[in-house]
Amino acid sequence: MSSQATPTLLVESNTLLREGLRRILAETAYNPVALSSSLDGVLTDWRPDTAPFLVIMDSARDHGEACDQVRQIKQQYTFARVLMLVDQYDLKHIISAFQAGTDAYLVKSVTCEVLVKTLDLVMLGERVFPSAVLELLNEHVLRPGEETATQEPVKSFDGQFQSKGLSVRETVILRCLMDGDSNKLIARKFDITEATVKVHVKAILRKIHAKNRTQAAIWAASHLPADVQAS
């Protein structure tokens, strides 16, 4: 991600948390240009132009209102990116947030590093699903064994994940993708080079017909046997 500054608006009702986030972001490319307890407040202090800008907003108090605000932002400023901060993950809230156009969805307990990396991905045009969201989807929507017209049966793990012809190493790396691990972290886990990880990831995407890591992670949530561990 470029070090070029991204105009960032911070909407947080909790004064202490708002100030804490401001200080965290002050040394990054996302140093807030306006912050307030309300969306109207930040838009009064700073008016967007035609350049991409970022809105970090709290949706813990009234999630429905927050989703309405996201729709308002997206309709008025098509170049805007929005990250929602919540106290905990709720599947219905997650679905409504992404339907509203939210670009990323994070709990407030994430580390500073995860927050900044997520913002980097959002400004690159990605929509970010944390691994916990995939677990919720797996539990409530994509339960293994419940086949649909677009799903294949879940195969057992007996030394090699037979579905799609994935090798043992590819299977555990797929688990890492589901957990949101970077290539660097995966390389460290298995004591291999990042170049080797990239080769494995490319092979995985080809075999499961996924276009990117996010699609691979979602596929893994509904197909990967629970006893496959990334270790």
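Any read-out appearing in this document is the output of simple, stated calculations on the displayed coordinates, not a laboratory observation. Predicted, not measured: the structure shown is a model, and the values here were computed from it. With ideal geometry, Cβ positions are generated from the backbone for all residues, glycine too; neighbour counts draw on all protein chains shown.
By how many nm would the segment from CYS112 to THR196 lengthen if fully extended, with 0.36 nm per residue of separation less the alpha-carbon distance? Write down the numbers at each step before the final one.
Working: separation 84, 0.36 × 84 = 30.24 nm, distance 2.85 nm.
Stretched fully, the CYS112-THR196 segment lengthens by 27.4 nm.
The calculated FRET efficiency for PHE79 paired with ALA203, based on their beta-carbon distance and R0 = 30 Å, is about 0.25. Listed from fewest to most Cβ neighbours within 10 Å, the set ASP120, ASP90 follows the order ASP90, ASP120. Working from label points 7 Å from Cα in the Cα-to-Cβ sense, the GLN88 to TRP46 distance is 3.2 nm. At 7 Å along the Cα-to-beta-carbon direction for both GLN215 and SER182, put a label point, then send me their distance in nm to one decimal. About 2.5 nm separates the two model spin labels. Under 1.5 on a/c is rounded, so check that first for segment 8-128, then, if it is not, pick prolate when a/b is larger than b/c and oblate when it is not; a ≥ b ≥ c are the square roots of the alpha carbon gyration tensor eigenvalues. Judged from the Cα gyration tensor, segment 8-128 comes out rounded (a/c under 1.5). Ordered by the count of other Cβ atoms within 10 Å of each Cβ, fewest first, ARG206, ARG175 give ARG206, ARG175.
Among SER59, SER36, SER167, a tally of other beta-carbon atoms within 10 Å of each Cβ gives an order, fewest to most, of SER167, SER36, SER59. The lysines whose alpha-carbon is closer than 16 Å to the alpha-carbon of LYS117, local same-chain residues fewer than 8 away aside, are LYS108, LYS184.
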